[in-house]
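Written below as structure tokens is the structure these notes are about.
The values are calculated or read from the model by the stated rules, or taken from the named source; none is laboratory data. On a predicted model such as this, the values are computed, not experimentally measured, just so you know. All Cβ positions, even for glycine, are placed from backbone atoms using ideal geometry, and neighbour counts span all protein chains on display.
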Amino acid sequence: MKILEKYDLKYLNTFAVSVRAKFFIQIESESELKELFTLPEFQQNKKIFLGSGSNVLFTKDFDGIVVLNKLKGIEILEDNSETVVIKCMSGEVWHDLVNFAVERGYWGIENLSFIPGTVGAAPMQNIGAYGAELKNVLESVESFEITTGKENKKRIFSKEECELGYRDSVFKNKFKDQYFIVSITLKLSKIEKKNISYKILQEYLEKNKIEVKNSKDVSEAVMAIRKSKLPDPNEIGNVGSFFKNIFVGKEKLKELLKIYPTMPHFEEGEGTSPQPSPYKGEGAIKIPSAWLIEQCGWKGKRIGRVGVHDRQALVIVNHGGATGEEIKNLAEQIITSVQDKFSLTLVPEVNIV
Ligand code: EPU
């Protein structure tokens, strides 16, 4: 294990922002992870664990240690006629796990195909897309307490203890920066469990006359939709959705519809992700933030080196060479204009460092 200094993180974040980390180290096994906790550079500095860097915006040099997680391995723990339980190390690429599942005909994560990022990031924000969420299949999360790294501080979180919500978990709240996720365990189905009611997915399948016979068919459809709408980070820097969607209650919706009768809105089970409201007790009607941003004239707009994607207004892009500050400034302008026009507050989904 080698510690590098003043390390450029440009190729380790999908926004392709160039900032330097005071220290940088890569871990490839659990024994290296344990060794990491003994290093003074780790003990005495602020720390960030990075997977694919697909949900982070660096706005300045990082005055601490960046640990690149390369813990690999996928293992079947239980297998019966109906279900399989799979353990996957956190440094695996999420889509490789999806492929592992669909190649074997398992159901449960095919709608989550092609989501950028590593397996360790999945429970952090309860990844979700096309009517599915990690929450539906997660069994448990194995983690290390970050400050001590002691074996006796290893903790298994049950699904309930993860407190998974819409793009949210205990690891973003109560236990923020306190646990490093080592592996996750999922329960998938061997029996057909088609989940194709998400409007855009359903329309795509109908339009292309695809009859879903296995989970791979769904996976391929989701990949095709994603490719048509979302920019490839290898071609143009981005982190997928920059903001979360907005959820309101019935009363608020009524008020908004009086002024904006064409405003799209989706109730639970109405062709959108079955996401619980982040505003507890206020209802769970999704108003797509992409629509709000588009109405403010941002879709496809470019300001210098940054801009808003022309096919999905929730996505901010780095046209090349932008700094994290430039991206953050654009995000702030978008938040202000949506606030001024709709009195709704956009909340970034991305982790801003
Ligand atoms: N819409 C617009 N303008 C746009 C795009 C969308 O008005 O430019 C409106 C349309 O009314 C559309 C609705 O927004 O029907 C929903 O659009 P879409 O299904 O593309 O999904 P989203 O709500 O914008 C969420 C996730 C995506 C995920 C899709 C598909 C969040 C923050 N984002 O976006 O996740 O792929 O659903 O399930 O919840 C990501 O997290 O990086 C990501 C891409």
Inset, instruction - Residues being within 16 Å of the ligand (Cβ to nearest atom) and either buried (at least 22 other Cβ atoms within 10 Å of the Cβ) or among the aliphatic types (A, V, I, L, M) (or both): count how many of those fall in region 140-165. - result: 1
Legend entry - Selection count, region 278-299, where residues are outside any loop (DSSP other than H, G, I, E, B) and modelled with pLDDT of 95 or more: 7
Legend entry - Odd one out for Phe42, checked against (1) away from the ligand (no atom under 16 Å from the Cβ); (2) part of a helix (DSSP H, G or I); (3) in contact (Cβ under 8 Å) with a residue 24 or more places away in the chain; (4) farther than 30 Å from Ile327 by Cα: (4)
Legend entry - Test: residue in region 25-34 that is part of a loop (DSSP other than H, G, I, E, B) and more than 29 Å from Glu235 (Cβ to Cβ): yes
Inset, instruction - Quick one: which residue in Gly128, Gly120 is buried (at least 23 other Cβ atoms within 10 Å of the Cβ) and touching a residue at least 40 places away in the same chain (Cβ under 8 Å)? - result: Gly120
Legend entry - Selected residue [in contact with a helix residue (DSSP H, G or I) (Cβ under 9 Å, 6 or more places away or on another chain), among the charged types (D, E, K, R) and more than 14 Å from Gly64 (Cβ to Cβ)] from Lys22, Lys34, Lys10: Lys34
Inset, instruction - Six or more apart or on different chains, Cβ under 8 Å: which pairs go from a residue in region 300-318 that's within 13 Å of the ligand (Cβ to nearest atom) and in a loop (DSSP other than H, G, I, E, B) to one that's charged (D, E, K, R) and modelled with pLDDT of 95 or more? Could you list them? - result: Gly300/Asp310; His309/Lys299; Asp310/Lys299; Ala313/Glu294; Ala313/Lys299
